Amino acid sequence: MREIRYLQAVAEALNNEMKINEDVIVMGEDVRESLRGVTKGLYNIFGKDRVIDFPISEQGMIGCGIGSAISGLRPVIEFQINEFTFFAFEQLILQSQRLRFYSGGKIKIPVTYIVPGSGARGGISGQHSDNPYSFLIHGGMKVVIPSCACDAKGLLVSAIRDNDPVAVFLPTRVLAEKGEVPEEQYTIPLGKAEIKKTGSDITVVATGHCVNIAIDIARKLEAEEGISVEVFDPRTLLPFDKETLEKSISKTGKVVIIDDSPISCGFSNEVAALIGEEYFSKIKAPVKIIARADVPVPFSEPLEEYVLPNSEKLEKAIYMLMGRTNA
Amino acid sequence: MHKDLNKKKCLEIFKQLYLTRRYSETVVDLGDKGYIRGPLHPGLGMEAVCVGVLNAIDNNDFIGLSHRGQAAYAVRNVKIGILLAEQFGKKDGCNHGKGGTMHFNLFNEKRLFEVDSEVAGKVPIFTGVALGCKLRGLKQISVVFYGDGGMSEGWVHESMNLAKTFNLPIIFVVENNRYAVTTKVEYACSVKNLTDRAKAYGFEGIEVDGMDVEKIYTVTKESVLKVRNGSGPINIIANTYRFCGHFTAEKILNLHYRSQEEVEEWEKRDPILTWPQKLIEEGICKREEIESVKEMVEKEIIEAVEFAKSSELPTPEDALRGMYATEYPGIPRKGWF
């Protein structure tokens with residue numbers, strides 16, 4: 001199969017979807033020029049009424065997304081920078097996510113929020129380095145974080161076709177990664193995890209770019225130490241596929257969670273709590289978490305590296321759980 | 001009298017004004033008696049704004065209401081019973097008890113909703129509705145209501161800029177009742193002339209007497225013509241007054257932000273009194289006709305209260321339904337074992 005980059009897969013999914021369904025429109029800042037690459041070429045194909053550049057007005061833009069959705073369109077809204085979600089929080093949660101519930105389940109809000117380049121990029125410090133998905137999950141919003149090109153295409157199509165708001169985070173550290181991607185348009189259902197590598201000794205729950213970290217470590221430890229690591233990628237953080245997780249931990253009994261968002265009240269803690277409450281009898285050791293420290297991402301390289309999850313931390317956690325002295 | 005306002009229409013307008021007033025009074029009374037949970041924000045005294053505007057637009061134009069926009073339901077023939085049932089938290093409420101007083105949503109049925117616990121929070125949304133209308137080539141327009149307090153919200157300014165930048169078919173209607181809870185408009189607003197706000201964003205702002213339903217109707221009619229023909233947004237500032245407190249609990253708070261004399265001065269201009277007076281004086285209809293409308297409304301109110309009282313409460317488990325358009329097993333999670 002052909003290999004394309006993650007970002008190309010995203011752009012292809014969006015382009016195809018706009019061809020298939022003329023209700024799909026794109027809104028964002030600098031989306032006509034496509035600063036982020038997600039909307040590349042769309043303006044020339046679909047024109048000004050379907051590819052709309054917004055002034056820097058995130059609250060207004062999200063409101064316009066909700067409004068055009070309830071009047072019959074299916075907007076895809078690009079956040080140029082991950083922290084723009086904070087600017088628009090009221091419209092994102094109190095309005096777009098909740099309107100359907102307030103209405104007694106009567107109206108639908110088919111909006112997709114794309115956050116290309118989420119997470120730390122190396123030296124962009126405290127405001128541009130966030131992965132603010134735990135906030136959205138707390139607000140009840142569906143959240144998708146594809147870890148590879150193939151998932152990115154299929155999950156984005158599902159998100160656009162979904163009749164609820166869905167936030168799709170595209171981690172900055174995987175945007176340039178190549179992978180096998182079918183040419184035809186396809187969907188990957190929301191709420192279905194994938195075992196990215198099978199193993200029998202320990203389960204690593206990994207999200208976004210941490211999936212690649214986990215796969216690399218898993219291969220290394222299997223080859224060098226004979227430790228069989230299973231890598232579980234939830235792909236959708238809400239709805240979360242707990243059945244697939246249960247199967248994996250029933251087999252291994254040991255779990256490390258690696259996630260690139262702050263630890264407190266974060267997604268990593270959420271998964272640990274779920275295991276503690278529902279699958280306590282399946283585990284043989286305490287759950288280990290590798291997440292971000294509870295500080296903004298600092299600028300200087302050693303400081304940045306210190307607060308983020310990485311291979312070394314994951315490797316050490318696995319050794320600890322496996323009772324190896326090299327921990 | 002405006003040429004479109006024939007006798008039938010004039011009486012209809014009176015019915016809408018009176019029904020809204022009686023509905024609001026009934027709600028306050030039922031709240032005091034413990035039938036309705038939570039605070040209430042009636043628009044007593046402000047009915048003419050909504051009635052005037054909604055009569056001047058088409059029935060399929062989109063409306064985003066403020067929390068004092070109860071009159072819109074009367075104009076769009078919403079059965080008061082389903083609103084009351086919603087406020088009673090009952091199954092037959094327009095949103096099955098999920099939204100309550102501050103989240104009436106009749107978008108599918110009547111193209112209108114109210115989502116205003118967040119002050120002016122739906123202004124960006126209805127700007128988006130206008131964008132949707134324009135992009136889809138619809139002839140419908142979007143009309144969004146908010147107060148003088150809402151004028152200071154950042155997202156209102158973003159929306160006004162967007163509306164002009166994209167030349168959207170939207171009318172921003174400010175129900176200027178002079179007080180954002182207790183804060184005077186003169187204190188909170190940087191400009192003396194409130195229409196300057198629209199001017200700053202490059203479009204027309206019109207001030208109108210918000211106690212005079214005919215004037216509001218006329219101004220809106222003229223505005224709709226322009227907006228529907230693609231000339232971009234318009235901002236109507238309707239100067240009005242609420243005869244009651246900001247919310248029902250205010251009467252026990254002993255606040256002093258306005259004087260009794262001021263309230264009484266505005267009460268003299270009560271549209272529920274001045275409109276029928278005008279109709280009788282101008283010979284458009286007789287006092288008996290006004291009285292018979294009132295009787296009809298009283299009957300409607302009694303029926304609505306009966307309906308709300310006799311409707312069933314929802315089953316508690318319904319609390320977890322209606323969150324997502326797609327259902328997933330075990331989601332939303334319950335929060336306990």
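The values are calculated or read from the model by the stated rules, or taken from the named source; none is laboratory data. Just so you know, these numbers come straight off a predicted model, no measurement behind them. Every residue, glycine as well, gets a Cβ built from its backbone with ideal geometry; the counts of neighbours run over all protein chains shown.
Values for this structure:
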item: Filter pass, A:Ile56 being aliphatic (A, V, I, L, M), in the same structural domain as A:Gln8 (by TED's automatic domain parsing) and surrounded by fewer than 19 Cβ atoms within 10 Å (Cβ to Cβ); result: yes
item: Test: residue in region B:136-157 that is surrounded by 24 or more Cβ atoms within 10 Å (Cβ to Cβ), of a type in the set (S, T, N, Q) and within 14 Å of another protein chain (Cβ to nearest Cβ); result: yes
item: Residue in region A:109-123 that is farthest from the other protein chains (Cβ to nearest Cβ), counting only those that are buried (at least 18 other Cβ atoms within 10 Å of the Cβ) and in contact (Cβ under 8 Å) with a residue 60 or more places away in the chain; result: A:Ala120
item: Region A:242-280 - residue that is surrounded by fewer than 21 Cβ atoms within 10 Å (Cβ to Cβ) and polar (S, T, N, Q) and, of those, farthest from A:Pro309 (Cα to Cα); result: A:Ser250
item: All helices (runs of 4 or more DSSP H) inside region B:40-134 with 3 or more residues being more than 11 Å from every other protein chain (Cβ to nearest Cβ); result: B:47-56, B:71-75, B:80-87
item: Entirely in region A:209-314, the helices (runs of 4 or more DSSP H) that have 3 or more residues that are aliphatic (A, V, I, L, M), within 14 Å of chain B (Cβ to nearest Cβ) and under 28 Å from B:Tyr328 (Cα atoms); result: A:267-278
item: Restricting region B:265-300 to residues that are part of a helix (DSSP H, G or I) and of a type in the set (Lys, Arg), the residue that is nearest to B:Asn177 (Cα to Cα); result: B:Lys278
item: Flag if A:Gln59 is within 14 Å of another protein chain (Cβ to nearest Cβ), under 25 Å from A:Ala291 (Cβ atoms) and among the polar types (S, T, N, Q); result: no
item: Leading residue by the ranking (nearest to A:Phe87 (Cα to Cα)) among those in region B:150-201 that are acidic (Asp, Glu) and part of a helix (DSSP H, G or I); result: B:Glu158
item: Residue under evaluation A:Ile66, criteria (1) at the interface with another protein chain (Cβ under 10 Å from one of its Cβ atoms); (2) under 21 Å from B:Pro169 (Cα atoms); (3) surrounded by fewer than 24 Cβ atoms within 10 Å (Cβ to Cβ), criterion not met; result: (3)
item: Strands (runs of 3 or more DSSP E) fully within region A:154-197 counting 1 or more residues that are within 14 Å of chain B (Cβ to nearest Cβ) and surrounded by 24 or more Cβ atoms within 10 Å (Cβ to Cβ); result: A:166-171
item: Cross-chain or 6+ apart pairs with Cβ under 9 Å, region A:225-240 first and in the same structural domain as A:Ile213 (by TED's automatic domain parsing) and on the phi > 0 side of the Ramachandran plot, then assigned to a strand (DSSP E or B) and surrounded by fewer than 24 Cβ atoms within 10 Å (Cβ to Cβ); result: A:Arg235/A:Glu194
item: Some residue of region A:94-104 being under 22 Å from A:Thr172 (Cβ atoms) and aromatic (Phe, Trp, Tyr); result: no
item: Matching residues in region B:218-254 - criterion: being under 20 Å from B:Trp266 (Cα atoms), touching a residue at least 12 places away in the same chain (Cβ under 8 Å) and not charged (D, E, K, R); result: B:Ile237, B:Ala238, B:Asn239, B:Thr240, B:Tyr241, B:Phe243, B:Cys244, B:His246, B:Phe247, B:Thr248
item: Candidate set from region B:301-328 (those that are part of a loop (DSSP other than H, G, I, E, B) and more than 9 Å from chain A (Cβ to nearest Cβ)); member that is surrounded by the most Cβ atoms within 10 Å (Cβ to Cβ); result: B:Ser311
item: Output for region B:240-264, where each listed residue is in a helix (DSSP H, G or I) and in contact with a Phe, Trp or Tyr (Cβ under 9 Å, 6 or more places away or on another chain); result: B:Glu262, B:Val263
item: Subset of region A:254-269 [touching a residue at least 40 places away in the same chain (Cβ under 8 Å), over 18 Å from A:Glu194 (Cβ atoms) and more than 15 Å from the chain's Cα centre (by Cα)]; result: A:Lys254, A:Cys265
item: Considering residues of region B:302-327 that are in contact with a Leu (Cβ under 8 Å, 6 or more places away or on another chain) and not small (Gly, Ala, Ser) only, the residue nearest to A:Phe101 (Cα to Cα); result: B:Thr326
item: Failed condition for A:Val157, given (1) closer than 29 Å to A:Gly67 by Cβ; (2) in the same structural domain as A:Asn269 (by TED's automatic domain parsing); result: (2)
item: Residue list for region A:88-108, restricted to those being aliphatic (A, V, I, L, M), crowded, with 23+ Cβ neighbours inside 10 Å and facing chain B (nearest Cβ under 7 Å); result: A:Leu99
item: Count of region A:115-138 residues which are touching a Phe, Trp or Tyr at 6+ places or on another chain (Cβ under 7 Å) and either acidic (Asp, Glu) or part of a strand (DSSP E or B) (or both); result: 2
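Conditions (1) over 23 Å from B:Ile170 (Cβ atoms); (2) in contact with a Lys or Arg (Cβ under 6 Å, 6 or more places away or on another chain); (3) among the aliphatic types (A, V, I, L, M), marked per residue:
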| position | (1), (2), (3) |
| --- | --- |
| B:Thr20 | yes, no, no |
| B:Glu25 | yes, no, no |
| B:Leu30 | yes, no, yes |
| B:Leu40 | yes, no, yes |
| B:Met46 | no, yes, yes |
| B:Val51 | no, no, yes |
| B:Asp61 | no, no, no |
